[in-house]
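Only one structure is covered here, and it is reproduced in the block below.
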C-alpha cells in the first residue's frame, strides 16, 4: 500500500474485519500503527469509564397500568346514557327535515296548480264577478 489506512479501514480492523494487506500495512507503517494504538487506547478508556459507573437496578417486572374500575364504570355509564339521547336527537332531526320537505312540496304543488300567476289573481276575481 502506498498511502495510509483510512479511518474506516482502521475501525474495521479494530472490529475484527481484518485483511492480510491491512495487517501488513500496520506492521510496516509506524504512522498507521500509532493511529491504531490511539484508537485502541481511546476505546479502552471508554470501556473502563463505563465499567466504573454504577449500573442502576432494572426491574424486569413491569407494573401493568390499569385504570381504576370506577373510571371504566363511569365511561360505560356515559355511553349507556349518551346513546339513546343521540339516537333521539337524530330521529327528531330526520322528522323535522321530513316536515320541511313536505311543506316545500305542498308550496310547489300549490304554485303549479294555479291557473294564473298570483299577481294576476285580483284581476281574475274582478273578471269572474263581472261575468256573474
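Beta carbons closer than 8 Å, at least 6 apart along the sequence or on distinct chains, pair a first residue in the stretch 21-40 that is in contact (Cβ under 8 Å) with a residue 12 or more places away in the chain with a second that is in a helix (DSSP H, G or I) and surrounded by fewer than 16 Cβ atoms within 10 Å (Cβ to Cβ) for 22/12; 26/33; 36/14; 39/11; 39/14; 40/14.
Restricting 78, 49, 119 to those that are surrounded by fewer than 10 Cβ atoms within 10 Å (Cβ to Cβ) and either more than 30 Å from residue 4 (Cβ to Cβ) or under 38 Å from the mean Cα position of the chain (by Cα) (or both) reduces the list to 119.
Bear in mind that the values in this text are calculations on the coordinates, not laboratory data. Just so it is clear, the structure is predicted and the values come from calculations on it, not from any experiment. Note: ideal-geometry Cβ built from the backbone for every residue, glycine included; neighbour counts use all protein chains shown.
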